[in-house]
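Just below is one structure, and these are the notes that go with it.
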């Protein structure tokens with residue numbers, strides 16, 4: 001299992017809907033916190049940033065997945081932030097390289113993140129992991 005397998009699973013778990021940067025970053029963070037001993041040694045290293053845990057490598061890996069034709073990255077029409085969507089090829093990807101319990105966790109967290117807004121995602125992370133609030137600009 002590679003870290004890009006996990007990133008792709010996060011994006012495909014949205015079932016064809018776009019994934020926002022905060023959803024992508026925070027779910028990848030939660031995966032790392034929940035399963036630290038089961039992930040690749042080069043899994044994402046998060047730092048406290050403006051809106052909690054952040055890892056720029058996630059965006060680089062997403063661009064790699066886009067070049068491989070597995071996702072598309074587009075700008076949101078209203079806000080200008082990037083959105084990440086699985087391609088048809090990615091939707092058919094076999095995610096069995098990821099253990100069932102990690103796949104289930106990702107599915108659950110993507111569903112949750114899509115049901116709540118940006119503020120609730122960041123707020124929840126700060127409650128559960130207050131050490132990542134240190135550099136926050138978030139006031140919600």
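What ranking of 82, 9 emerges when the number of other C-beta atoms within 10 Å of each C-beta is taken as an exposure proxy, fewest first?
In increasing order of surrounding Cβ atoms, one gets 82, 9.
Taking the chain as a Gaussian network, Cα atoms linked when under 10 Å apart, which of 46, 129, 54 shows the biggest mean-square fluctuation?
Result: 129 has the largest fluctuation of those listed.
Sort 61, 50 so the one with the fewest other Cβ atoms within 10 Å of its own Cβ comes first.
50, 61
Could you work out how far the C-alpha centroid of region 48-97 sits from that of region 1-19, in angstrom?
Between the Cα centres of region 48-97 and region 1-19 lies a distance of 8 Å.
How many percent of Cα pairs in the chain exceed 21 Å?
38
If each residue's Cβ is checked for other Cβ atoms within 10 Å, how do 7, 65 rank with the fewest at the top?
Going from least to most buried by this count: 65, 7.
Given Cα pairs under 8 Å that are at least 6 residues apart, what percent is the relative contact order of the chain?
This gives 37 percent for the chain.
Where a number appears in this text, it was derived from the coordinates with a stated rule and is not lab data. Treat the numbers as computed from the prediction; the structure is a model and nothing was measured. Cβ sites come from the backbone with ideal geometry, for glycine too, and all protein chains shown count toward neighbours.
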